Amino acid sequence: MNLRLLACVMVVLATGSACAADGQKTRQAFRQMDQNGDRALQFTEIQAARAALFDRLDANRNGVLESSEAKAALQRVREGGRLQMATAEGLENKARWMDANGDGHITKAEFAQFIPDRLLRADSNGDRALSISELRALRQR
């Protein structure tokens, strides 16, 4: 398993539209993730979206993200022109954080439970939810 590549896919794809460049796509993704309609993204809603993303990435449905699946996802992102740059060291660290049991594999549970630091920091009031104003501030960083 190439944890660096997998982490890159996670960073680029998995934070649920907070980084989306297109405003309309951002609003649409927000509405889809905001399951209770309270105009805030609860961390549980983000985790549910990440679990759904994992299902799309896990092409062979074995419950583990493999290097080939990560490569295919990364290629789709590159083709769509949505690739964001990140340092290799930072990507490896994110993969290690996701791999909670340290076995070198990232399972659906590990992938879904992981809330990126960027989103944790954006939760300025500590309520484990991102309000619209917190998301706007995140986009401006």
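For the reader, a short list of remarks on this structure follows.
- If the chain linking D38 and A59 were pulled fully straight, counting 0.36 nm for each residue of separation and taking away their Cα-Cα distance, it would gain 4.3 nm.
- Using a Förster distance of 41 Å, the FRET efficiency for I132-S68 (Cβ separation, nearest 0.05): 0.60
- Here the gap between R118 and Q24, fully extended at 0.36 nm per residue and compared with their Cα-Cα distance, gives a gain of 31.7 nm.
We did not get these values from a lab; they are worked out from the coordinates using the rules stated. For clarity, every value in this text was computed on a predicted model and none was experimentally measured. Positions of Cβ are generated from backbone atoms using ideal geometry, with glycine treated the same way; all protein chains shown enter the neighbour counts.
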